[in-house]
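The structure appears right after this line, and notes come after that.
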Amino acid sequence: MGESTLGEPALTESVPLLEVRGVSKYFGGVNALRDISLQVHPGEVTCVLGDNGAGKSTLIKILSGVFQPDSGDLLIDGTPVTLAGPREARGHGIATVFQDLATVPLMSLWRNFFLGQEPTRGWGPLRRIDTARARSVMRAEVLRMGIDIRDPNQSVGTLSGGERQALAIARAIYFGARVLILDEPTSALGVRQSGIVLKYIAQAREQGKGVIFITHNPHHAYPVGDRFFLLKRGRVLADVRKAGTSVSELTELMAGGAELAELSAELMGPDHGAATGEAGQAAEIGREIAREAAHAEEVLGGAKPAAPLDE
């Protein structure tokens with residue numbers, strides 16, 4: 001399962017909903033992905049972390065059927081498959097919510113929820129969209145995500161960023177998504193809205209969905225993630241369970257510990273470095289005095305010093 005720098009990941013007994021084994025992808029002379037292996041289990045959030053250029057977008061497109069891998073296997077429920085396109089991926093229950101959310105801001109909520117898959121009634125030339133049912137279904141599904149829509153006819157443009165994410169997630173789940181791939185859902189959101197989206201991700205996990213959370217922010221991934229894959233230049237840098245790592249370790253792996261410390265010192269300026277150096281020297285002197293005192297007490301056998309003479 002790739003190289004792990006933080007310890008061996010725990011094994012999961014259930015058959016993965018989605019799995020890639022030794023997948024590689026090349027674009028001419030560029031190696032976008034090399035020997036990537038990843039598993040997605042029901043009721044788990046699998047976080048894929050990495051900076052720009054790590055290969056996250058290429059991996060998403062392979063999982064959603066947009067790209068075909070040049071080598072390696074893609075398995076669904078343990079069976080090798082070849083996805084001819086996004087439509088076939090959706091047929092297998094793999095839904096991707098991209099950053100642009102594929103919504104039309106000026107269109108109503110219920111039209112955006114169905115968007116080409118509207119329920120109908122009647123037959124033949126009398127067949128028409130069942131708007132009452134469409135509004136009712138949309139409102140009920142979004143309510144399950146914790147949002148009470150007052151007017152299904154309001155436009156999507158009136159919603160906040162977090163509410164739009166909830167609409168997209170609810171839409172994917174309603175249309176049978178077993179594996180939900182979220183592409184940087186919190187990248188353009190504020191602190192509060194990001195927290196709301198993380199709550200929706202946790203709710204999808206509680207419904208038994210397999211969630212792939214693509215992000216470059218370990219502080220967003222860690223609270224909801226069960227397993228973490230760190231990508232760097234198309235390779236798996238680490239594959240760890242939540243119990244085997246921390247936010248600081250994930251951040252250090254992504255940024256590079258030495259480079260991050262050097263950048264921090266540069267941004268703080270030379271005065272801070274000098275002050276830190278002086279404080280460090282003072283602390284070392286204090287530790288040396290404590291060691292000498294402890295040694296002297298050991299030599300004296302713990303005897304108390306004589307009381308001073310009265311003047």
In the range 42-55, anything over 22 Å from ILE173 (Cα atoms) and either modelled with pLDDT of 95 or more or buried (at least 21 other Cβ atoms within 10 Å of the Cβ) (or both) is listed as LEU49, GLY50, ALA54, GLY55
Give me the pairs, please: first residue somewhere in the range 204-223 and under 10 Å from CYS47 (Cβ atoms), second residue anywhere and surrounded by fewer than 16 Cβ atoms within 10 Å (Cβ to Cβ), beta-carbon distance under 7 Å, and either six or more positions apart or on two chains. PRO218/VAL247; TYR222/VAL247
With the condition being surrounded by 15 or more Cβ atoms within 10 Å (Cβ to Cβ) and outside the structural domain of LEU49 (by TED's automatic domain parsing), I'd like the helices (runs of 4 or more DSSP H) fully within the range 114-212 carrying at least 2 qualifying residues. 131-144, 161-174
Being in a helix (DSSP H, G or I) and hydroxyl-bearing (Ser, Thr, Tyr) is the filter; apply it to the range 217-251 and report the residue that is modelled with the highest pLDDT. TYR222
Could you say whether any residue in the range 96-106 is closer than 19 Å to ARG139 by Cβ and more than 25 Å from the chain's Cα centre (by Cα)? yes
The number of residues in the range 143-192 that are farther than 20 Å from LEU18 by Cα and in contact with a Pro (Cβ under 8 Å, 6 or more places away or on another chain) is 4
Look through LEU75, LEU143, LEU59 and report the one residue that is out of contact with any Gly (no Cβ under 8 Å at 6 or more places or on another chain) and touching a residue at least 60 places away in the same chain (Cβ under 8 Å). LEU59
Filtered residues of the range 90-127 (kept if free of Cβ contacts under 8 Å to residues at least 12 places away in the same chain and under 30 Å from VAL40 (Cβ atoms)): GLY91, ASP100, GLY116
Search the range 62-84 for residues being of a type outside the set (A, V, I, L, M, F, W, C) and crowded, with 19+ Cβ neighbours inside 10 Å, and hand back the single one that is nearest to the chain's Cα centre (by Cα). SER64
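The values are calculated or read from the model by the stated rules, or taken from the named source; none is laboratory data. Quick caveat: nothing in here was measured; it's all calculated off a predicted structure. Cβ sites come from the backbone with ideal geometry, for glycine too, and all protein chains shown count toward neighbours.
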